[in-house]
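Okay, so here's the structure we're looking at.
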Amino acid sequence: MPHRSRSFADVDLAAAYAYPTDRPWLRANMIASLDGSAWWGDRTGPLGDERDRELFQLLRGLADVVIVGAGTVRVEGYGPVRPRPEWDELRAGRAPVPPLAVVSRALNLDFDAPIFTAASERTIVLTTEAAPASQRKAAEARAEVIVAGREDVDIRAAVDALIARGHRRLLCEGGPILLAQVAAAGLLDELCLTLSPVLLAGDAARILNGTPLPEPGHFGLAHVLTGEDHLFLRYVAKNAQGAGPTPSGT
């Protein structure tokens, strides 16, 4: 059936973005300007609006774990995920919030920051054997540390370790370097992309920032939601279709 857009306000978002129940599923949530910039002034916040922030929170509420790169944690000033009243039904039978899983090769992180000290669900750090011993010790005091790779984080091994811990509904919030690694590893089942109605030019990265993929990743459009001026797009990987959420907005 041909796809058609629906208004953001007219959709049951929890149903539209439901995870599959029969397999692990890795979704990414990103935003881009009309000309492809993944941020403005090093931050993504200026690209969004109230509806984008609502979707951001909903996707967190649906997830078992939120994966994010260390650079994004530093630049965006990440804090711990906070419980929200509207998540009570979404998270029935699970912890009130999903833990953050921070991907960091060298553990160049502030382990005295609230993301580690004030998290109600212990933050996870995905790192390497080559990480400095002093930083590894500091991380272990504040977080659950998973070693996945020698010099660089092996994203597939990291994701497998998260799934083995029961985190089957995975949400990647980037940044672009991490998302490029996820896509290159063939792990991206779904991309939720907010298209922001602005032009920026400049040299900001695209939502994937890395070496060219071994071969193009092909995705099918699951739905389009319209906001006031933003578009909310959900794409499912062609090799994941039939295993994932039923496409909506058709």
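Computed from backbone phi with θ = phi - 60° and the Karplus coefficients 6.51, -1.76 and 1.60, the 3J(HN,Hα) list for the range 34-40 is 4, 9, x, 6, 8, 6, 10 Hz; x is used for glycine and proline.
For the residues Val236, Val75, Val159, a GNM of the chain with alpha-carbon springs under 10 Å puts the largest fluctuation on Val75. The H on the amide N of Thr194, modeled in the peptide plane, is under 5 Å from the matching H of Met30, Ile31, Ala32, Leu233, each at least 5 residues off or on a different chain. Peptides 16-27, 184-195, 133-144 ranked from most to least packed by the mean count of surrounding Cβ atoms within 10 Å: 184-195, 16-27, 133-144.
With only Cα atoms counted, the range 65-167 has Rg and Dmax values of 13.6, 42 Å. For the chain, averaging the sequence separation of C-alpha pairs within contact (under 8 Å, six or more residues apart) and dividing by the residue count gives a relative contact order of 30 percent. By definition, a body whose alpha carbon gyration tensor gives a ≥ b ≥ c is oblate when a/c is 1.5 or more and a/b is not larger than b/c, and the range 197-238 fits this oblate description.
Compute a Gaussian network model of the chain, connecting alpha carbons closer than 10 Å, and tell me which residue from Leu55, Leu47, Leu90 fluctuates the most. Highest fluctuation of the listed residues: Leu90. When both bridge partners sit in the chain, DSSP labels roughly 35% of those beta bridges antiparallel.
Peptides 59-69, 29-39 ranked from most to least packed give 59-69, 29-39, packing being the mean of other C-beta atoms within 10 angstrom over each peptide's residues. One Cα centroid belongs to the range 107-153, the other to the range 182-239; the line between them spans 29 Å. Highest mobility in the GNM of the chain, judged by mean-square fluctuation with C-alpha springs under 10 Å and restricted to Glu76, Glu54, Glu215, is found for Glu215. To the nearest ten degrees, helix 133-142 and the longest principal axis of the Cα atoms of the chain are 60 degrees apart. Taking the longest Cα principal axis of the chain as reference, the axis of helix 155-164 is set at about 90 degrees.
All of the numbers you see were taken from the coordinates with simple rules; none came from a lab. As the structure is a prediction and not an experimental result, all values here were calculated from the model. Glycine also receives a Cβ, built like all others from the backbone with ideal geometry; neighbour counts cover every protein chain displayed.
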